[in-house]
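Reviewing the structure listed below.
The values are calculated or read from the model by the stated rules, or taken from the named source; none is laboratory data. Here the structure is a predicted model, which means the values were calculated and not measured. Positions of Cβ are generated from backbone atoms using ideal geometry, with glycine treated the same way; all protein chains shown enter the neighbour counts. Just so you know, the surface numbers come from the protein's heavy atoms only, side chains and all, with ligands and any DNA or RNA stripped out. Shrake-Rupley method; radii C 1.70, N 1.55, O 1.52, S 1.80 Å.
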Amino acid sequence: PGPRPTPCTHIVMRQNVGRRAPYLFLACALAAACGGEPGTSLPEAVSVDVPAGAGAALPHVAAAGSNALLSWVEPRETGHALLFAQWDGTGWTAPLTVAEGSDWFVNWADFPSVVALGNGDLAAHWLQRSGPGTYAYDVMVSQSRDGGATWSDPVRPHADGTPTEHGFVSMFPVHDGLGVVWLDGRSYAAHDDKPATNEMALRFTTLGGASGSVESVIDERVCDCCQTAVAMTRSGPLIAYRDRSHAEVRDISVSRLVAGTWTEPQTLHADNWEIDACPVNGPQADAHDSSVAVAWFTAAGDTPVVNVAFSGDDGATFAAPVRVDDGNPLGRVDVLLLDGDRALVLWLERSADAGVVAARIVTRDGQVGETAVIGETLAQRPSGFPRMGRFGDAVLLAWTEPGDTSRVRAAVLDIGSLRH
């Protein structure tokens, strides 16, 4: 799967902004053993307090112009609420509530998001139960044209009306509205004189456009409960997701929206991971002009691995993957392209007694930098999925710290000093 990364790791205990706590930086004993190639060594991460309440979890991070947008879910006396705030590099805006309800589906892996659409508008999604079944829930989408002060009445991007699973959403701007991609389980219910097939599909629609909301199928059979990911390339959006063959091989596939039509799904790399269950571990993707990076977890051959692969042609083709992890990954990845040749990869790695939020830079030609331990968490499901988003010359990273009362943690990486 590519060259093994250097075993050296540097651990950064971060300064709390506003608390003036000192840095504690544990460097490797021998600098030569740690030193990555130029432009691959991460700076110290600085922790920032998050304006989230007790019990907050399920963070999502998105770029919002020169700011980073962090959303999370908080418990309420009779349900849950989706909130967000923006970080401008020095402080947070006041948290705003998008929506709240007593009938939400709240899950460690299928979590809400708030994204910026590039024109000042925001879009948000959350999940609402549609029936008594464990996985009977719908996607709800709302939009704001005033920075999040008010939100439109929520709508469902899917019109099937079946009490089945709909989730794992990716949202992005399209020329005539909001694009929404999701995993759709309507085939688990017999309908329209069709028997149940118990297969999830990957579906797409647009909301708010002049052409109206028309659903289309990108892939008729995909993995049941892995996150989807969108990258906005120079030529349009690319969707990465975990596919599912009839032989139960669940590798990563991609499809691109070209001239209004999704291309035939292509396997990004033949890991040949055969598993008769969903690993709940989807890919993430990012783009910079014509460059694309996709990161993902696989355990083919019973060997857990985090990989990243690069494309230089808007995702039409990908080079061989580079291995990122330190040997015992949980996966749950995220990825950002720093430029056309370098990607910052975030994932969870098992430690001796728990798990850590780890990050490192990987280059297109296979060089890997040192691993930076950004924070500590658990190896179990409540630790969720760490997420990150770029704003200017910095990156905001967020993750869940489980416990009797969970908390959302965040840190900032200044990447402006990174040069080739």
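From ARG381, ARG387, ARG360, which residue is buried (at least 22 other Cβ atoms within 10 Å of the Cβ), under 24 Å from SER170 (Cβ atoms) and basic (Lys, Arg)?
The unique qualifying residue is ARG387.
Yes/no matrix, rows are residues, columns are (1) surrounded by fewer than 21 Cβ atoms within 10 Å (Cβ to Cβ); (2) in contact with a strand residue (DSSP E or B) (Cβ under 8 Å, 6 or more places away or on another chain); (3) hydrophobic (A, V, I, L, M, F, W, C); (4) modelled with pLDDT of 95 or more:
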residue	(1), (2), (3), (4)
GLY39	yes, yes, no, no
ALA52	no, yes, yes, yes
ALA57	no, yes, yes, yes
VAL61	no, yes, yes, yes
SER66	yes, yes, no, no
ALA81	yes, yes, yes, yes
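Of (1) open to solvent by less than 20 Å² (accessible area, probe 1.4 Å); (2) touching a helix residue (DSSP H, G or I) at 6+ places or on another chain (Cβ under 8 Å), GLU274 satisfies all except one. Which?
(1)
What number goes with the only condition from (1) open to solvent by 10 Å² or more (accessible area, probe 1.4 Å); (2) at pLDDT 95 or above; (3) under 26 Å from VAL254 (Cβ atoms); (4) assigned to a loop (DSSP other than H, G, I, E, B) that GLY301 does not pass?
Among (1) open to solvent by 10 Å² or more (accessible area, probe 1.4 Å); (2) at pLDDT 95 or above; (3) under 26 Å from VAL254 (Cβ atoms); (4) assigned to a loop (DSSP other than H, G, I, E, B), GLY301 violates only (4).
Residues to consider are SER235, SER253, SER291; find the one that is within 28 Å of LEU338 (Cβ to Cβ) and modelled with pLDDT under 95.
SER235
Determine if segment 398-407 includes at least one residue that is farther than 22 Å from VAL115 by Cβ, β-branched (Val, Ile, Thr) and surrounded by fewer than 23 Cβ atoms within 10 Å (Cβ to Cβ).
Taking every residue of segment 398-407 in turn, at least one turns out to be farther than 22 Å from VAL115 by Cβ, β-branched (Val, Ile, Thr) and surrounded by fewer than 23 Cβ atoms within 10 Å (Cβ to Cβ).
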